[in-house]
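Peer 1: Below is a structure I'd like to ask you about.
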Amino acid sequence: MKGLGELERSVMDILWAENAPLTAREVGRLIADRDLAPTTVMTVLDRLTRKNFLRRTRDGRAWRYEPKASRDAYVAELMLEALDMTGDRSAALTRFAQTVSGSEAEILRKALTELEEE
């Protein structure tokens, strides 16, 4: 999975926050902190579709875009890629476990327990 650039991340944040597919025009309106040309928004959406982050469907003359996966799935994939970059996954996982808060550790414990019970 390829990473996201700053503008791509902004667009994905908007689409992850919505409960419905959006057009390029709607995405452009929701990017409040930028004054982007409509063609720029369309280019970013097209690039994210080619990178397999988005699904697009025809709606009249426009396209509607929605994420193919959740933000959580994307972040989990980034974490797995980071683990693949290390020569020692056990050491990286141990170091990660040492840095999480108590409540985060409890979430991990619960998730691992549930996986073992399946």
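The values are calculated or read from the model by the stated rules, or taken from the named source; none is laboratory data. Values in this document were obtained by computation on a predicted structure and should not be read as measured data. Using ideal geometry, Cβ is built from the backbone for each residue, glycine included, and neighbour counts are taken over all protein chains shown. Ligands, DNA and RNA are excluded from the accessible area calculation, which covers all protein heavy atoms including side chains. Shrake-Rupley method; radii C 1.70, N 1.55, O 1.52, S 1.80 Å.
Peer 1: Looking at (1) within 30 Å of LYS110 (Cα to Cα); (2) touching a helix residue (DSSP H, G or I) at 6+ places or on another chain (Cβ under 8 Å), which is the only condition ASP84 fails?
Peer 2: Only one criterion is unmet by ASP84, namely (2).
Peer 1: Okay, moving on. Given the structure, is THR57 in contact with a strand residue (DSSP E or B) (Cβ under 6 Å, 6 or more places away or on another chain), over 30 Å from ASP84 (Cβ atoms), open to solvent by less than 90 Å² (accessible area, probe 1.4 Å) and of a type outside the set (Lys, Arg)?
Peer 2: yes
Peer 1: Could you tell me whether the stretch 66-88 includes any residue that is within 23 Å of GLY3 (Cβ to Cβ), of a type in the set (Asp, Glu), modelled with pLDDT under 95 and surrounded by 12 or more Cβ atoms within 10 Å (Cβ to Cβ)?
Peer 2: Within the stretch 66-88, one or more residues are within 23 Å of GLY3 (Cβ to Cβ), of a type in the set (Asp, Glu), modelled with pLDDT under 95 and surrounded by 12 or more Cβ atoms within 10 Å (Cβ to Cβ).
Peer 1: Could you say which residue among THR57, THR23 is touching a residue at least 40 places away in the same chain (Cβ under 8 Å) and over 17 Å from the mean Cα position of the chain (by Cα)?
Peer 2: Answer to the selection: THR23.
Peer 1: Helices (runs of 4 or more DSSP H) wholly in the stretch 25-116 with at least 2 residues that are over 22 Å from ILE14 (Cβ atoms) - which ones?
Peer 2: In the stretch 25-116, the matching helices (runs of 4 or more DSSP H) lie at 71-85, 89-99.
Peer 1: Against the definition (surrounded by 10 or more Cβ atoms within 10 Å (Cβ to Cβ) and either on the phi < 0 side of the Ramachandran plot or β-branched (Val, Ile, Thr) (or both)), how does LEU48 come out, yes or no?
Peer 2: Yes, satisfied.
Peer 1: Taking the condition loosely packed, with under 12 Cβ neighbours inside 10 Å and within 22 Å of the chain's Cα centre (by Cα), does VAL100 pass?
Peer 2: no
Peer 1: Please state which of the following conditions ALA37 fails to meet, knowing it meets all the rest: (1) among the aliphatic types (A, V, I, L, M); (2) surrounded by 16 or more Cβ atoms within 10 Å (Cβ to Cβ); (3) more than 30 Å from ALA111 (Cα to Cα).
Peer 2: It is condition (2) that ALA37 fails.
Peer 1: Also: Tell me which residues, restricted to the stretch 14-31, are surrounded by 14 or more Cβ atoms within 10 Å (Cβ to Cβ), more than 21 Å from ARG61 (Cα to Cα) and not aromatic (Phe, Trp, Tyr).
Peer 2: Those that are surrounded by 14 or more Cβ atoms within 10 Å (Cβ to Cβ), more than 21 Å from ARG61 (Cα to Cα) and not aromatic (Phe, Trp, Tyr): ILE14, GLU18, ILE31.
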